[in-house]
Every structure is written in C-alpha cells, then in structure tokens.
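Q: Take a look at the following structure, please.
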Amino acid sequence: MLKRLQKWFQDKSGIGENRDALALLRLRVDALAALQQQHLPELLTLPWLPPGLDGVSTAIHRADAMLRLPLSASGGSWARAATEYFAAGRELAQTLKSVAPEAQDLLDFGCGYGRVGRFLALEYHDAQRWAYDPKAGAVAFQQEHWGVQPWSGQSLDLILAGSVFTHLRPESAQAELLRLTEALKPQGALVATLHDFTGQTTVSKYTEESALPELEGPIDPRDYVTVYFSQKDWAALTPAGYSWSTRPERYGGTQQILVLRRVEA
Ligand SMILES: C[S@@+](CC[C@H](N)C(=O)[O-])C[C@H]1O[C@@H](n2cnc3c(N)ncnc32)[C@H](O)[C@@H]1O
C-alpha cells in the first residue's frame with residue numbers, strides 16, 4: 001500500500017514515470033514557441049491598449065520579455081499585460097523626472113525594448129538620451145522608434161538601471177556600478193531598482209529569459225540570473241564616496257527604487 005501511495009505521489013509531482021513525460025512536453029512546447037516566434041512580425045499588434053497613452057509610442061517588439069512575461073503568466077490576458085507594462089514604464093519615468101528634472105544627458109542602462117524608454121522620450125524630450133543593453137537589437141529598436149543613441153561611455157547626469165541589478169551576479173554588479181559612477185558627472189544621480197532586501201543574498205537561475213527561451217537575442221544564462229541582495233552585501237558593492245537613498249515609489253509594484261549620489265565632502 002505504502003509503495004503504491006509513493007508511486008502515485010511521485011507520478012503526480014513529476015519525479016516518477018511522469019518526469020520524462022513532463023520534460024518531453026516542455027521541449028515540445030519550447031519548440032512550438034520557437035517556430036511561432038520565427039513567424040511573428042517584428043511589431044506586435046496589441047488588441048487592446050490602456051487609456052491615456054496619447055503621444056506615447058505603443059510600438060512593442062516581439063522579443064520584449066517585459067510584455068511577453070506578464071502575457072504568459074496571465075494566460076494570454078492582453079489587458080493585464082499591457083496595463084502592467086505601460087503603468088510600470090510611466091511611473092518609473094515620472095520618478096526619474098522628480099529625481100533630476102533638468103537632466104540633459106541621461107542613460108537607460110539595460111534599456112531592453114523600451115518599457116521605460118518610450119516615456120523617457122516624453123519626459124526628457126529635449127535631452128540627450130543614451131541607451132545601453134547587451135542585446136544590440138533592443139538598442140537598435142529604441143534608436144529607430146524614439147531616437148535614443150547607443151551609449152559608449154559619455155558623461156552623464158542621470159542614469160537609470162531599471163530591473164538590471166536584480167539580474168547581475170554580485171561581482172558583475174560591482175563592476176557595472178563602478179563603470180557607471182565613473183561616467184556620472186559630480187552632481188549626477190544613478191537610479192537603480194532592486195528586489196526588497198533579504199536576510200541573505202540569494203542567486204537563482206530562473207528569469208524571464210529562462211521562462212521564454214524562444215525570444216531572439218538570448219543572454220548567457222550563466223551571466224543573467226535573479227538576485228535578491230541582503231542590505232549588507234548591497235552596501236559593500238557601493239563605490240567609495242557614494243551613498244544610497246530610497247524613494248517612496250516602487251517599480252512595477254514589486255521593486256524598491258534607490259538613488260545613488262556622490263557624498264558631499
Ligand atoms: C528585466 S530587463 C529590464 C529592461 C528595462 N530596463 C525595463 O525596466 O523594462 C533587464 C535588462 O538588462 C539587460 N542586461 C543584461 N545584462 C546586462 C548588463 N551586464 N549590463 C546592462 N544590461 C544588462 C538585459 O538584456 C535586459 O534588457
């Protein structure tokens with residue numbers, strides 16, 4: 001009886017005979033998704049858009065994981081995915097505007113396909129807007145649709161890293177923070193979003209990229225992870241002479257928003 005119960009439980013949880021069947025099913029779903037991706041037009045046609053987007057570009061790239069993940073997680077609810085996507089982007093761009101209303105040189109670091117960038121184009125219409133992402137196609141898309149320029153080390157008075165340090169291993173995060181502060185003008189600010197601090201830093205391999213392997217331009221999964229920092233470990237990554245403050249707003253309702261500035265002498 002115990003053996004039969006154990007087998008029943010293993011099959012239900014996918015660690016018995018069903019394990020291989022589930023692995024095969026996953027491969028089959030991934031293959032179908034890859035085939036479908038190849039035939040999608042570059043721009044998705046959203047069947048529904050939230051109100052209040054006058055003047056905002058609604059061009060969505062087919063490989064934009066920031067829309068594709070909520071679409072997948074909601075079982076295909078365009079209304080939910082589009083609402084979350086545009087609201088998060090708008091809110092973060094508006095937070096940036098209240099941190100540095102006069103910024104003239106700003107960088108969207110880890111810009112993706114422009115969840116925030118399309119709103120930065122409105123908020124900072126006359127500023128020089130730079131973009132950086134290891135996905136060259138993402139930068140090219142933003143360049144074509146709202147005129148950003150690819151960043152290659154120019155000095156900046158405002159940097160946004162929206163949900164980027166949530167994905168870099170601590171050693172990469174430290175190197176990128178140093179690189180960014182070196183580009184920051186003396187009165188400049190870096191706005192970074194992070195998961196809420198946890199007791200201990202944890203790194204996991206599950207990301208939106210691993211959930212959507214069909215998207216083009218994948219990043220090496222060894223470099224792109226999900227990280228929850230402890231406050232102590234995060235503080236230890238901060239370049240000397242800089243300190244963080246926390247904004248009252250949140251990114252997408254789930255991430256804290258931190259502002260890094262040079263400490264006044
Ligand atoms: C979760 S997405 C966020 C995209 C966008 N910032 C937003 O908030 O919608 C993380 C982005 O970081 C980019 N990225 C990955 N590794 C990076 C690195 N080392 N430096 C800068 N960006 C990176 C990814 O390609 C991806 O576009």
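The values are calculated or read from the model by the stated rules, or taken from the named source; none is laboratory data. No experiment lies behind these values; they were computed from the predicted model shown. FYI the Cβ positions are ideal-geometry reconstructions off the backbone, even for glycines, and counts take in every protein chain you see.
Condition check ((1) within 28 Å of G253 (Cβ to Cβ); (2) touching a helix residue (DSSP H, G or I) at 6+ places or on another chain (Cβ under 8 Å); (3) modelled with pLDDT of 95 or more; (4) exposed (fewer than 11 other Cβ atoms within 10 Å of the Cβ)) across all residues:
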| site | (1), (2), (3), (4) |
| --- | --- |
| W8 | no, no, no, no |
| G16 | no, yes, no, no |
| D20 | no, no, no, yes |
| A33 | yes, no, yes, no |
| L49 | yes, yes, yes, no |
| S72 | yes, yes, yes, no |
| A79 | yes, no, yes, no |
| T83 | yes, no, yes, no |
| R90 | yes, yes, yes, no |
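Q: Of the numbered conditions (1) within 15 Å of the chain's Cα centre (by Cα); (2) within 27 Å of R90 (Cβ to Cβ), D223 fails exactly one; give the number of that condition.
A: Only one criterion is unmet by D223, namely (2).
Q: State which residue pairs qualify: first residue assigned by TED's automatic domain parsing to the domain that holds L190 and inside segment 235-254, second residue among the charged types (D, E, K, R) and in a strand (DSSP E or B) in any location, beta carbons under 9 Å apart, and separation of 6 or more residues or different chains.
A: G241/R262; Y242/R261; Y242/R262; S243/R261; S243/R262; W244/R261; S245/R261
Q: Based on this model, can you work out whether S163 counts as surrounded by 19 or more Cβ atoms within 10 Å (Cβ to Cβ) and touching a residue at least 60 places away in the same chain (Cβ under 8 Å)?
A: In short, yes.
Q: Oh, and also: Looking only at segment 122-134, which residues are within 14 Å of the ligand (Cβ to nearest atom) and either of a type outside the set (K, R) or surrounded by fewer than 21 Cβ atoms within 10 Å (Cβ to Cβ) (or both)? Can you show your working first?
A: Kept after step one, since they are within 14 Å of the ligand (Cβ to nearest atom), are these residues of segment 122-134: 129-134.
Selection gives W130, A131, Y132, D133, P134.
Q: Shifting gears a bit: Report every pair of residues separated by at least 6 positions or lying on different chains whose Cβ atoms are under 9 Å apart, first residue within segment 92-103 and in the same structural domain as Q256 (by TED's automatic domain parsing) and more than 16 Å from the ligand (Cβ to nearest atom), second among the basic types (K, R) and in a helix (DSSP H, G or I).
A: A103/K97
Q: For K232, work out the one condition from (1) modelled with pLDDT of 95 or more; (2) loosely packed, with under 13 Cβ neighbours inside 10 Å; (3) of a type in the set (D, E, K, R); (4) within 11 Å of the ligand (Cβ to nearest atom) it doesn't fulfil.
A: The failed condition is (4).
Q: What is the residue count in segment 135-155 for residues that are assigned to a helix (DSSP H, G or I), within 10 Å of the ligand (Cβ to nearest atom) and of a type in the set (D, E, K, R)?
A: Total meeting the criteria: 0.
Q: How about segment 156-216: which strands (runs of 3 or more DSSP E) wholly inside it have at least 3 residues that are within 21 Å of D105 (Cβ to Cβ) and within 13 Å of the ligand (Cβ to nearest atom)? Show your work before the answer.
A: On the way: elements: 156-161, 184-194, 202-204.
Hits in segment 156-216: 156-161, 184-194.
Q: Mind telling me which of the residues Q142, Q149 ends up being surrounded by fewer than 20 Cβ atoms within 10 Å (Cβ to Cβ) and on the phi < 0 side of the Ramachandran plot? Spell out the reasoning first.
A: On the way: Q142 fails: surrounded by fewer than 20 Cβ atoms within 10 Å (Cβ to Cβ).
Unique residue meeting the criteria: Q149.
Q: Give the residue that is surrounded by the most Cβ atoms within 10 Å (Cβ to Cβ), with candidates limited to residues of segment 187-220 that are in contact with a Phe, Trp or Tyr (Cβ under 6 Å, 6 or more places away or on another chain) and farther than 21 Å from A88 by Cβ.
A: Here the answer is T201.
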